[in-house]
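The values are calculated or read from the model by the stated rules, or taken from the named source; none is laboratory data. Keep in mind the model is a prediction, meaning the values are calculated, not measured. So basically every Cβ, Gly included, is an ideal-geometry build from the backbone, and we count neighbours across all protein chains shown. Side chains are part of the model used for accessible areas, which takes the heavy atoms of the whole protein and leaves out ligands, DNA and RNA. Shrake-Rupley method; radii C 1.70, N 1.55, O 1.52, S 1.80 Å.
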Amino acid sequence: MINPFIMKKLKVSAFVEDGVMSIRINDDMILPGEGGKTEIKLASGRSHYLNWYVEGKAFGKFRIALSLPTKNQFELNKPLDGQGQDFGFFHFKI
């Protein structure tokens, strides 16, 4: 049985070329501004959501990486659209 109170550490990093971003997990802001790196703890045995909104120059590059303590890992490396924006989410369980 999984103890619902066990916390797992995650590493999140993000970068945007000439722009700003908002990175959230479960609606909590974890990386505002130009990106960077952070570590957070989340409850194991539960579903979580990584959300992002990025603004910058048209077709500028951005990157988001989430390293989990399990086999699940997420990495997004892509250009912004012609308006200089991107948004989305990633659902995961640890």
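Looking at this structure, is M29 modelled with pLDDT of 90 or more and either farther than 17 Å from H91 by Cα or not in a strand (DSSP E or B) (or both)?
no
Tell me whether segment 76-86 contains one or more residues that are on the phi < 0 side of the Ramachandran plot and in contact with a Ser or Thr (Cβ under 7 Å, 6 or more places away or on another chain).
No: segment 76-86 contains no residue that is on the phi < 0 side of the Ramachandran plot and in contact with a Ser or Thr (Cβ under 7 Å, 6 or more places away or on another chain).
Name every residue in segment 83-94 that is open to solvent by 90 Å² or more (accessible area, probe 1.4 Å) and assigned to a loop (DSSP other than H, G, I, E, B), in order of residue number.
Once the filter is applied, which keeps residues that are open to solvent by 90 Å² or more (accessible area, probe 1.4 Å) and assigned to a loop (DSSP other than H, G, I, E, B), segment 83-94 yields only Q83.
Please work out if L80 is within 15 Å of the chain's Cα centre (by Cα), of a type in the set (A, V, I, L, M) and surrounded by 14 or more Cβ atoms within 10 Å (Cβ to Cβ).
Here the answer is no, as L80 does not meet what is asked.
For segment 48-77, how many residues are open to solvent by 70 Å² or more (accessible area, probe 1.4 Å), at pLDDT below 95 and of a type in the set (A, V, I, L, M, F, W, C)?
Residues flagged as open to solvent by 70 Å² or more (accessible area, probe 1.4 Å), at pLDDT below 95 and of a type in the set (A, V, I, L, M, F, W, C) within segment 48-77 amount to 0.
Report yes if G45 is of a type outside the set (A, V, I, L, M, F, W, C), outside any strand (DSSP E or B) and surrounded by fewer than 16 Cβ atoms within 10 Å (Cβ to Cβ), otherwise no.
So G45 passes the test.
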